[in-house]
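The values are calculated or read from the model by the stated rules, or taken from the named source; none is laboratory data. Being a predicted model, the structure only gives us computed values, none of them experimental. Glycine gets a Cβ as well: all are built from the backbone with ideal geometry, and neighbour counts include every protein chain shown.
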C-alpha cells in the first residue's frame, strides 16, 4: 500500500508557499529526509543528513532553488546521525530539544567507522550492519553541539512565518521534535513517521508514538514530511497508526504466550505491510512492547537489537 501523496523521487521537492523537502529514496536505513522553510531572505533548515557529501549536495540544491534566502537556523528533530551529522556545514544557530542534545553528546560518528571496520568479523550481524550503513561516508565528521536547547515547546519566526517546535519524545528517541508551520498547514515529523518503511523505536513505547501522532492529527495538516519515505498526508498517517496499533495488540498476545522477543518478531504476521521496507526493524517494537508489559525487564542493548534484527533479516532473505 503506497502512502505517499507525492512522487517518491530523489532530491528537491517544492511543497509550495515557501516550504521545501529534500527526499532520499528508498527511505531505508540512513536515507533520511530534510526540509527548508523560507520567508524572504531567511530560511530554517529541518535536519541535515548522514554524511557531509550528502548534506553538501542538499545544501547546494537549496541554494540554487532559493538563492536569496540564507539559512539562519537549523532544527534537529532528534539525535540520530542521519538527521544531524551534517550540521557543521551550516553556519547557523542549531536548535534541538535538551534530551536530543544530550543524546548527541553521547553518540560519536567515529563509532560508525569503527563498527563498519569490524563488520567482516561479526558474521551475519556484521553483514547486516554493512547492508544498513555501508553506503555512507563517516570520515571527517565534526558535529557541533546544538547552540540552543529547549523543553516542551519553542516558537521561532522565519521572516514573518511562525514555526512551532514541539517536543514529543521519548518516542522514536528520547528527544523527538515536530516542526509545525501552521500558516502553511505543513509538518516535518523527523522519525516520528516512517512512510512505506517499518518504524524504529529506540527510546519510547508504541503508546508514546501514538500520542505523537495525536499531536500531528490535532493540527490537521495538509502536508506531512516524514523522516523517511515519501511526503504524505493524514490518510497516510492513519495507516501508520493502524500498523502501530496492530503491532501493539499482537505483541501483547505473544508476550502473554511467553514468546521471546526474537520469536515474537518472527511470528508477527505483517503481510498487510509486505511492501514496506526493512521489516526486521519490528524487533525494536517488540522489545519496547515487552518492556512496557514488564516494567522490571532490562532494555536490550544496541548490540543485542542489531544481532536480533540481523537474524530476522537473514532469515527473510532465504
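Data table
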read-out: From the options 179, 215, residue that is at pLDDT 95 or above, buried (at least 18 other Cβ atoms within 10 Å of the Cβ) and touching a strand residue (DSSP E or B) at 6+ places or on another chain (Cβ under 8 Å); value: 179
read-out: Some residue of region 38-45 being in a loop (DSSP other than H, G, I, E, B), within 23 Å of residue 130 (Cβ to Cβ) and in contact with a strand residue (DSSP E or B) (Cβ under 7 Å, 6 or more places away or on another chain); value: no
read-out: Check on residue 48, at pLDDT 95 or above, farther than 20 Å from residue 231 by Cβ and outside any helix (DSSP H, G or I); value: no
read-out: Residues (under 12 Å from residue 36 (Cβ atoms) and surrounded by fewer than 16 Cβ atoms within 10 Å (Cβ to Cβ)) located in region 46-62; value: 61
read-out: So residue 304, is it surrounded by 14 or more Cβ atoms within 10 Å (Cβ to Cβ), under 18 Å from residue 203 (Cα atoms) and out of contact with any helix residue (DSSP H, G or I) (no Cβ under 6 Å at 6 or more places or on another chain); value: yes
read-out: Contacts under 8 angstrom Cβ, first residue in region 51-68 being within 16 Å of residue 10 (Cβ to Cβ), partner assigned to a helix (DSSP H, G or I), 6 or more apart; value: 55/89; 56/89; 59/89
read-out: Considering residues of region 218-253 that are within 21 Å of residue 268 (Cβ to Cβ) and touching a residue at least 60 places away in the same chain (Cβ under 8 Å) only, the residue surrounded by the fewest Cβ atoms within 10 Å (Cβ to Cβ); value: 239
read-out: When residues of region 63-83 are limited to those that are part of a helix (DSSP H, G or I) and buried (at least 21 other Cβ atoms within 10 Å of the Cβ), the one farthest from the chain's Cα centre (by Cα); value: 81
read-out: In region 201-212, residue surrounded by the fewest Cβ atoms within 10 Å (Cβ to Cβ) [restricted to those that are part of a loop (DSSP other than H, G, I, E, B) and touching a residue at least 60 places away in the same chain (Cβ under 8 Å)]; value: 205
